[in-house]
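Undergrad: Here it is, the structure, as structure tokens.
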Amino acid sequence: MPRGGSLENMTTWGIKAMGGIAAAAVSVGIAQLAGAAFGQQADVRTAAGSAVIDLTPGPVKEWAIQTFGTADKLVLTVLVLVVIAVVAAAAGLLESARRPLGSAVIVATGLAGCAAVLTRAGATFVDVVPAVVGTACGVAVLRLLVSGRFSDAPGTGDVKDTGDLPDSPAASGASDSPDRGRRLSLVTLGFLALGAVSGVAGAVISRLTSSVSGDRQAFALPRVNDAAPPIPEAVQPKGVALPSFITSNSDFYRIDTALRVPQLSRADWQLRIHGMVDREVTYGFADLDRFDAVEQVVTLTCVSNPIGGELISNATWTGYRVRDLLAEAGVQSDADMVLSRSTDGWSAGTPVAALTADDAMLAIGMNGDPLPVEHGYPARLVVPGLYGYVSATKWVVDLEVTRFDRAQAYWTQRGWSARGPIKTESRIDVPRAGQDVPVGPVKFGGVAWAQDRGVRGVEVQLDDGDWQPAQLGARYSDAAWRLWSFDWDAQEPGLHTVTVRATDNTGYTQTSERADPVPDGATGWHSITFAVR
């Protein structure tokens with residue numbers, strides 16, 4: 001703490017803290033700018049953020065998803081920047097001309113960034129060069145800011161001799177020369193601006209040079225050999241504002257661990273199949289033309305979806321049967337799991353039986369367009385009936401045929417169940433919790449799902465009354481969700497509660513017992529309170 005609490009001391013400490021932040025800004029910004037010349041693997045900012053994700057305990061990650069939903073990555077990015085700013089401010093306060101403790105903090109942080117880069121899939125020692133350059137620049141800026149070279153005021157030259165007291169006004173020269181303090185503040189702001197501009201420039205250049213949007217736009221989906229059946233209008237109940245039966249690409253939920261969306265072109269994409277197979281096989285994108293292209297409507301669900309949650313969407317997927325690709329490799333009889341990996345190193349463990357079923361896909365298209373980059377372009381897995389954490393690998397580049405007792409995937413290493421069959425669940429979309437409902441006839445509605453068993457019935461309960469059957473939209477397939485509606489005559493003003501439950505085609509009715517998403521998906525009836533006015 002500044003001795004005596006004087007305004008001059010407070011100003012001195014503020015300048016020193018801002019100097020540390022400016023040095024960190026330059027370090028990160030220059031590293032980002034230099035990294036643009038080395039490719040995605042050298043992005044130290046993304047590598048550090050991804051390392052934080054990987055090291056964060058599973059329950060904390062689940063809390064973040066439940067709390068922030070699809071904004072979890074933005075929140076993490078902001079938190080990382082806040083932590084960097086705090087550490088940098090501390091480095092500035094520790095730094096003095098004779099004792100470069102703050103510089104040591106920046107070096108230690110840079111080494112941690114290098115380690116984070118090297119943990120990314122496919123990274124080499126060359127990829128740490130931008131982090132090293134950025135660290136060196138950060139140290140140089142911090143040393144420059146405490147050197148006293150920004151003033152010709154008397155007493156400033158004494159900094160090197162009295163710098164052993166970082167909270168001393170004499171050490172900084174601020175009390176000797178107010179002009180020096182102002183000059184130092186301007187220089188510090190200049191370095192802050194340099195760091196910000198460098199970082200933005202690096203991000204823009206990296207995006208422009210690595211983006212595969214042009215590759216995606218030039219791609220035309222293949223002719224489908226086995227098309228999905230037409231979708232009848234009756235799948236969408238009338239008179240109630242429910243989600244569209246087919247979710248648009250822009251509205252489709254996205255939950256993954258990628259802070260920066262991987263950019264992988266068709267020319268660079270390869271799918272390696274190895275492990276417990278008769279022969280190792282590697283496919284390029286052009287090799288997929290040998291297989292029949294198929295199309296089907298499949299609903300995907302995140303295991304983190306809470307009761308009544310919105311981490312579920314439905315789309316028409318175009319691609320190839322995974323079983324056809326596995327057949328050329330020859331899966332050995334005692335294998336029971338396929339460990340799939342994305343280009344950024346994320347992994348999922350899927351039962352062999354699920355991937356060799358007729359409906360498991362290597363998807364390359366979504367709703368008639370090539371896969372959006374954020375949803376896995378150029379190729380991803382789509383497996384009906386399983387939560388995404390054990391099946392829906394985006395940017396997939398590797399299939400290792402193995403066994404559950406020999407290998408673990410990303411989330412199973414963190415305490416989640418090895419097998420993740422989707423549970424029978426339902427949700428109320430209309431009315432929303434707390435919404436007012438007018439007196440008279442009203443129509444409620446929502447969605448129900450039980451991939452890949454299908455939904456046979458939905459029931460609704462008003463307050464403590466009997467369960468009543470809801471009207472179902474037309475059945476499309478067992479792999480797709482089912483929309484429902486319910487007509488009610490609202491006659492009693494006041495607060496009311498509506499609850500929903502679904503029954504699947506095996507005859508199972510979803511349980512009322514509430515369970516959190518960890519370790520294998522949430523259970524319980526969705527119930528909301530509304531008011532009749």
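Undergrad: Tell me which helices (runs of 4 or more DSSP H) are completely within the range 1-113 and hold 2 or more residues being of a type in the set (Phe, Trp, Tyr) and under 15 Å from the mean Cα position of the chain (by Cα), or say none if there are none.
TA: In the range 1-113, 58-68 are the helices (runs of 4 or more DSSP H) which contain 2 or more residues that are of a type in the set (Phe, Trp, Tyr) and under 15 Å from the mean Cα position of the chain (by Cα).
Undergrad: So which of Asp405, Asp344, Asp398 ends up being in a loop (DSSP other than H, G, I, E, B), touching a residue at least 60 places away in the same chain (Cβ under 8 Å), assigned by TED's automatic domain parsing to the domain that holds Asn314 and more than 19 Å from Phe252 (Cβ to Cβ)?
TA: Going through Asp405, Asp344, Asp398 in turn, just one is in a loop (DSSP other than H, G, I, E, B), touching a residue at least 60 places away in the same chain (Cβ under 8 Å), assigned by TED's automatic domain parsing to the domain that holds Asn314 and more than 19 Å from Phe252 (Cβ to Cβ): Asp344.
Undergrad: Which pairs have Cβ atoms under 7 Å, sit 6 or more apart or on different chains, and link a residue in the range 428-440 that is of a type in the set (S, T, N, Q) to one that is part of a strand (DSSP E or B)?
TA: Gln435/Phe530
Undergrad: For the range 385-395, name all the residues that are outside any loop (DSSP other than H, G, I, E, B) and over 18 Å from the mean Cα position of the chain (by Cα).
TA: From the range 385-395, those outside any loop (DSSP other than H, G, I, E, B) are 386, 388-390; that's our starting set.
Passing the criteria: only Leu386.
Okay, residues lined up against (1) aromatic (Phe, Trp, Tyr); (2) surrounded by 17 or more Cβ atoms within 10 Å (Cβ to Cβ); (3) at pLDDT 80 or above; (4) not assigned by TED's automatic domain parsing to the domain that holds Tyr253:
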| site | (1), (2), (3), (4) |
| --- | --- |
| Gly20 | no, yes, yes, yes |
| Ala25 | no, yes, yes, yes |
| Val44 | no, yes, yes, yes |
| Ala47 | no, yes, yes, yes |
| Val60 | no, no, no, yes |
| Thr67 | no, no, no, yes |
| Lys73 | no, yes, no, yes |
| Gly92 | no, yes, yes, yes |
| Gly113 | no, yes, yes, yes |
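Undergrad: Also, I was wondering about something else. Please enumerate the residues belonging to the range 245-263 that are at pLDDT 95 or above, among the small types (Gly, Ala, Ser) and surrounded by 17 or more Cβ atoms within 10 Å (Cβ to Cβ).
TA: Of everything in the range 245-263, nothing turns out to be at pLDDT 95 or above, among the small types (Gly, Ala, Ser) and surrounded by 17 or more Cβ atoms within 10 Å (Cβ to Cβ).
Undergrad: Right, something else. Limited to the range 226-241, what total is found for residues that are closer than 21 Å to Gly319 by Cβ and in a loop (DSSP other than H, G, I, E, B)? So that I can check it myself, show each step before the final result.
TA: Restricting attention to the range 226-241, the residues satisfying the condition of being closer than 21 Å to Gly319 by Cβ are 226-231.
Subsequent filtering for residues that are in a loop (DSSP other than H, G, I, E, B) retains 227-231.
The total comes to 5.
Undergrad: Ok, one more. I'd like to know if the range 131-147 contains one or more residues that are exposed (fewer than 15 other Cβ atoms within 10 Å of the Cβ) and modelled with pLDDT under 90.
TA: yes
A quick yes/no check of all residues on (1) touching a helix residue (DSSP H, G or I) at 6+ places or on another chain (Cβ under 7 Å); (2) among the hydroxyl-bearing types (Ser, Thr, Tyr); (3) assigned by TED's automatic domain parsing to the domain that holds Glu374:
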site	(1), (2), (3)
Gly239	no, no, yes
Phe245	yes, no, yes
Arg266	yes, no, yes
Thr282	no, yes, yes
Pro306	yes, no, yes
Thr316	no, yes, yes
Val322	yes, no, yes
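Undergrad: Filter the range 115-130 for residues that are assigned to a loop (DSSP other than H, G, I, E, B), surrounded by 15 or more Cβ atoms within 10 Å (Cβ to Cβ) and either modelled with pLDDT of 90 or more or not hydrophobic (A, V, I, L, M, F, W, C) (or both) and give the result.
TA: Residue satisfying the conditions is Arg120 alone.
Undergrad: Which count do you get for residues in the range 347-360 that are assigned to a strand (DSSP E or B) and surrounded by fewer than 24 Cβ atoms within 10 Å (Cβ to Cβ)?
TA: So the answer is 2.
Undergrad: Could you list, in sequence order, all residues of the range 264-284 that are within 27 Å of Gly214 (Cα to Cα) and either buried (at least 23 other Cβ atoms within 10 Å of the Cβ) or touching a Leu at 6+ places or on another chain (Cβ under 6 Å) (or both)? Break it down into steps so the answer makes sense when it comes.
TA: Taking the range 264-284 and keeping what is within 27 Å of Gly214 (Cα to Cα), we get 264-272, 282-284.
The answer is Leu264, Tyr283.
Undergrad: Further question: Of all residues in the range 418-437, count the ones that are closer than 27 Å to Arg456 by Cα and among the polar types (S, T, N, Q).
TA: So the answer is 2.
Undergrad: So, in the range 323-338, of the ones that are touching a residue at least 12 places away in the same chain (Cβ under 8 Å) and assigned to a loop (DSSP other than H, G, I, E, B), which residue ends up farthest from Gly524 (Cα to Cα)? Before the answer, list the steps.
TA: The initial filter retains those residues of the range 323-338 that are touching a residue at least 12 places away in the same chain (Cβ under 8 Å), namely 323-326, 328-332, 334-338.
Among the residues that remain, those that are also assigned to a loop (DSSP other than H, G, I, E, B) are: 330, 332, 334-336.
Numbers: Gly330: 41, Gln332: 39, Asp334: 36, Ala335: 34, Asp336: 31 Å.
For the range 323-338, the residue satisfying everything is Gly330.
Undergrad: Name the residues in the range 396-412 that are over 18 Å from the mean Cα position of the chain (by Cα) and farther than 17 Å from Thr343 by Cα, would you?
TA: Val401, Thr402, Arg403, Phe404, Asp405, Arg406, Ala407, Gln408
Undergrad: Output the number of residues of the range 75-86 satisfying the condition of being surrounded by fewer than 18 Cβ atoms within 10 Å (Cβ to Cβ), in contact (Cβ under 8 Å) with a residue 12 or more places away in the chain and either farther than 28 Å from Asn305 by Cα or small (Gly, Ala, Ser) (or both).
TA: Residues in the range 75-86 being surrounded by fewer than 18 Cβ atoms within 10 Å (Cβ to Cβ), in contact (Cβ under 8 Å) with a residue 12 or more places away in the chain and either farther than 28 Å from Asn305 by Cα or small (Gly, Ala, Ser) (or both): 1 in total.
Undergrad: So, in the range 408-429, of the ones that are of a type in the set (Gly, Ala, Ser) and assigned to a loop (DSSP other than H, G, I, E, B), which residue ends up surrounded by the most Cβ atoms within 10 Å (Cβ to Cβ)?
TA: In this case the residue turns out to be Gly420.
Undergrad: Looking only at the range 305-313, decide whether some residue is under 18 Å from Arg341 (Cα atoms) and polar (S, T, N, Q).
TA: no
Undergrad: Restricting to the range 285-322, what's the tally of residues that are assigned to a strand (DSSP E or B), of a type in the set (Gly, Ala, Ser) and either within 25 Å of the chain's Cα centre (by Cα) or surrounded by 21 or more Cβ atoms within 10 Å (Cβ to Cβ) (or both)?
TA: Qualifying residue count for the region: 3.
To keep it simple, each residue is scored yes or no on (1) without any contact (Cβ under 8 Å) to a residue 60 or more places away in the chain; (2) over 27 Å from Thr356 (Cβ atoms); (3) part of a helix (DSSP H, G or I); (4) under 29 Å from the mean Cα position of the chain (by Cα).
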residue: Ala203; (1), (2), (3), (4): no, yes, yes, yes
residue: Leu208; (1), (2), (3), (4): yes, yes, yes, yes
residue: Gly214; (1), (2), (3), (4): yes, yes, yes, yes
residue: Val224; (1), (2), (3), (4): no, no, no, no
residue: Pro243; (1), (2), (3), (4): no, yes, no, yes
residue: Ala258; (1), (2), (3), (4): no, yes, no, yes
residue: Ser265; (1), (2), (3), (4): no, yes, no, yes
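Undergrad: Moving on to the next point. Could you list, in sequence order, all residues of the range 49-58 that are in contact (Cβ under 8 Å) with a residue 60 or more places away in the chain and either outside the structural domain of Gly29 (by TED's automatic domain parsing) or loosely packed, with under 14 Cβ neighbours inside 10 Å (or both)?
TA: Start the filter on the range 49-58 by keeping residues that are in contact (Cβ under 8 Å) with a residue 60 or more places away in the chain, which leaves 49-51, 53-54, 57-58.
If the condition is that a residue be in contact (Cβ under 8 Å) with a residue 60 or more places away in the chain and either outside the structural domain of Gly29 (by TED's automatic domain parsing) or loosely packed, with under 14 Cβ neighbours inside 10 Å (or both), then Pro57 is the only one that fits.
The values are calculated or read from the model by the stated rules, or taken from the named source; none is laboratory data. Since we're looking at a predicted model, the values are computed, not measured. Please note: Cβ atoms are built from the backbone with ideal geometry, for glycine as well, and neighbour counts cover all protein chains shown.
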